[in-house]
Structure formats: C-alpha cells, structure tokens
Amino acid sequence: MLQFAQSLQPVSQALDRLFLLIIFGFPIVLLLAGLGGLFLADRALRPINSIIQTAEAISPDDLSRRIDYQGVKDEVGRLAMTLDKMFDRIELAFEHERRFIADALSRRRTPAEYETTLLDLEKETDRLIHLTNVLLFLARLEQEELEGKGTLF
C-alpha cells in the first residue's frame, strides 16, 4: 500500500485570496449595480416626466400644445399618443362650446331660452370636467403603477 502526502498550503492560500476578493469585491459590485439601477431608472422615467410637464402646461386658455412624443412606440409612447388624442378631443369640445356660446349670444332670445341654454351648457361643462378628471386620474394611476414596478419595459 502506497501513501502520498501533499501540502495543503496552496489550497489554503487560494481560499484566503478568494475570501479577501469576496469581502472587498462584493461592496464594489453592489455599488456599481446600484448606480446602474439609478441610471436606468432615470433614463426610463425621463419620458414620463416630459409627458407630465407638457400635460400640466396645457390650460383652457391654450389647448393647442401637445406632447408630440418622438420616442419608442412602447407603453410610454402609446400613453403619449392617447393623451394627445384626448387633448385633441378636449380642444374640439372647447371650440364647440365657444361657438355655441357665440351663437347663443349673437341673437336675441327670451330669458327662458337663455336659462335653458345655460343649464345645457353647465351640464356639458360638468361632463367635460368629469371626463378630464377621470382621464387624468387614469394617467396618474398608470404612472404610479409603472413607478411601483420599477420598470417601464
């Protein structure tokens, strides 16, 4: 029966180096992963912030502004296009309302006719306000859902 003996010192030294590499390398890898995640999150949310800023800038006095998203046609792109279409419909409704008011004021009517017209106008305005609030709520809800997932793609 033959027996051979070999020193375990090289294995021990390799394990010591591996331990040091793990101890010092793990925080560096963790830091790089965190910075990469922040970079990617900022890059992914930048189009959403642009959409929000443009949507907030649109007012009843100037309904002509649009988001005009030029990026990838993903969920963010579809949201931007949907909001632009919604703004088109709102602008058209406001223009219709302005013409309606101009027509209503262009000829003499009885007080009862004016009252009926104003009541109809109030109902339509309330309906448009409600529709706009619901659409803005849905857009914000979708944004919160996307932010909660931490990814957009």
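The values are calculated or read from the model by the stated rules, or taken from the named source; none is laboratory data. These numbers come from a predicted model, not from an experiment. Note that each Cβ is placed from the backbone with ideal geometry, even for glycine, and that neighbours are counted across all protein chains shown. When the accessible area is computed, the model is the full protein with side chains, heavy atoms only, and any ligands, DNA or RNA have been set aside. Shrake-Rupley method; radii C 1.70, N 1.55, O 1.52, S 1.80 Å.
Every condition in (1) assigned to a helix (DSSP H, G or I); (2) farther than 23 Å from residue 44 by Cβ; (3) modelled with pLDDT under 85; (4) open to solvent by less than 60 Å² (accessible area, probe 1.4 Å) holds for residue 102 except the one numbered (3).
Across region 45-74, the qualifying residues are those that are under 18 Å from residue 128 (Cα atoms) and not small (Gly, Ala, Ser), and the one among them that is nearest to the chain's Cα centre (by Cα) is 56. In the set (1) part of a helix (DSSP H, G or I); (2) open to solvent by 60 Å² or more (accessible area, probe 1.4 Å), the condition left unmet by residue 108 is number (1). Being modelled with pLDDT of 90 or more and either more than 25 Å from the chain's Cα centre (by Cα) or closer than 30 Å to residue 122 by Cα (or both): is that true of residue 15 here? Criteria met by residue 15. For residue 91, indicate whether it is touching a residue at least 24 places away in the same chain (Cβ under 8 Å), open to solvent by less than 80 Å² (accessible area, probe 1.4 Å) and out of contact with any helix residue (DSSP H, G or I) (no Cβ under 9 Å at 6 or more places or on another chain). So residue 91 fits the description; yes. Among the residues of region 32-59, the one identified as within 20 Å of residue 93 (Cα to Cα) and open to solvent by 80 Å² or more (accessible area, probe 1.4 Å) is 56. Scanning region 105-153 for residues that are among the acidic types (Asp, Glu) and modelled with pLDDT of 90 or more yields 115, 120, 122, 124, 126.
Yes or no, residue by residue, for (1) of a type outside the set (A, V, I, L, M); (2) farther than 30 Å from residue 43 by Cα; (3) in contact (Cβ under 8 Å) with a residue 12 or more places away in the chain:
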| site | (1), (2), (3) |
| --- | --- |
| 56 | yes, no, no |
| 75 | yes, no, yes |
| 97 | yes, yes, yes |
| 135 | no, no, yes |
| 144 | yes, no, no |
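Applying the criterion of being surrounded by 14 or more Cβ atoms within 10 Å (Cβ to Cβ) and of a type in the set (Ser, Thr, Tyr) to the residues of region 60-88, the residue that is nearest to residue 138 (Cα to Cα) is 82.
Taken together, the criteria place residue 79 among residues that are under 14 Å from residue 146 (Cα atoms) and either touching a residue at least 24 places away in the same chain (Cβ under 8 Å) or not hydroxyl-bearing (Ser, Thr, Tyr) (or both).
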